[in-house]
1. Determine the per residue accessible area of the chain with all protein chains present and a 1.4 angstrom probe, expressed in square angstrom.
2. Just the C-alpha atoms of the range 27-156: what Rg/Rh do they give, with Rh taken as the Kirkwood radius?
3. Against the longest principal axis of the chain, how steep is helix 77-87, in degrees 0 to 90 to the nearest 10, with axes from Cα atoms?
4. Roughly how tilted is helix 194-206, in degrees to the nearest 10 and between 0 and 90, from the longest Cα axis of the chain?
5. In whole Å and largest first, what semi-axes does the C-alpha gyration tensor of the range 104-196 yield when each eigenvalue is scaled by 5 and square-rooted?
6. Report the charge-dipole magnitude of the chain in Debye, nearest 20, computed about the Cα centre from +1 at each Lys and Arg Cβ and -1 at each Asp and Glu Cβ.
7. Pull up all non-local amide H partners of Cys219: gap of 5 or more, or a different chain, and H-to-H distance under 5 Å with H placed in the peptide plane.
8. As a quick test, which of the pairs Lys213/Lys268; Lys27/Lys62; Lys213/Lys272 have an alpha carbon distance above 26 angstrom in this structure?
Amino acid sequence: MVCDMHWQKIALIGVGLLGGSLGLAIKQRRLAPSVLGYVRRPASVSECEMLGVVDRAAVDLKAVVNDADLVVLCTPLGQMKELAERMAADLKPGALVTDVGSVKAPVVQALEPIFAQARAEFVGSHPMAGAEKTGAAAARADLFVKAVCAVTPTASSNAEAVSRIEDFWRSVGAVPLRISPDLHDDFVSRSSHLPHVVAAELSNYVLSPVHPKEQAMLCANGFRDSTRIASGSPEMWRDIALANQRNLARVLGVFIEDLQEFRLALEKDDRKAIEEFFNQAKQRRDQWSGSNNSPE
């Protein structure tokens, strides 16, 4: 579906899975006649253009953001502040800026004043979409279709800018959810960041070279499904864990306590408690899976 909103130029800062998928969605839905992408390596320029994820890619940040109506930061969290400072002077007054970062409070706190000083409007975003694969080659035009996208304004946000960012996400198929940055970070520490830590530790522990080779041979679909996201970008997940460390540390503590309770039930041979553990999990998972809250 083509949206009636029209941007003259959209700049994507970082053209990996998310940036590339945004570029494809924007081009497919004809949301802007010009979609440019900023990349760090010259080799990425030809790759992005060959894949068709942007109209033109460049390592020149100024050229990419100059005259852009909308700028979307699609880089790892640790790179965003430096890039924001570098591009601020080259933004046209009134330009809208958003991001796709998985942590919001520290990002908004760092970027909002930078762009305000440049007379641009920043509103944080986080589309709940992604995959373990990285890079522009993994990009898909339908990645954001039916995905919830958190939009995280603050008391300083311009109301019209917030609405336009929400409209932008709708135009690529997403479902905007307006939420405060702090509440967002609390929720995703449980639903997104904790599962990644669990998947990574399962991979580290079960596939450790200290185990005989037969161990890996006996890892089947359950293990594959549970650890899929551990193949994601280590740089990205390092930044996410550190940016949301307070919330993530807290929920990890609760998670570990719950596991210790299960271990105690095992040691006591408490059949009722063990069955209730699995029964409650099944009920909650089945209810979520069958509801409108599930992406399945």
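The values are calculated or read from the model by the stated rules, or taken from the named source; none is laboratory data. Keep in mind that what you see is a predicted model, and the values were worked out from it rather than measured. Cβ: placed from backbone, ideal geometry, glycine included. Neighbour counts: every protein chain shown. Note: areas computed on protein heavy atoms with side chains; ligands, DNA, RNA excluded. Shrake-Rupley method; radii C 1.70, N 1.55, O 1.52, S 1.80 Å.
1. Values: 16270 Å² over 296 residues.
That works out to 55 Å² per residue.
2. Working: Rg = 14.5 Å, Rh = 15.5 Å.
That ratio is 0.94, to two decimals.
3. 10 degrees
4. Taking the Cα atoms of the chain, the angle to 194-206 is about 60 degrees.
5. On the way: eigenvalues 105, 56, 35 Å².
Gyration-tensor ellipsoid for the range 104-196: 23, 17, 13 Å.
6. Working: 33 positive and 36 negative charges, 87 e Å.
Approximately 420 debye in magnitude.
7. Correct list: empty.
8. Working: Lys213/Lys268 32 Å; Lys27/Lys62 22 Å; Lys213/Lys272 36 Å.
Going by Cα-Cα distance, Lys213/Lys268; Lys213/Lys272 fall outside the 26 Å limit.
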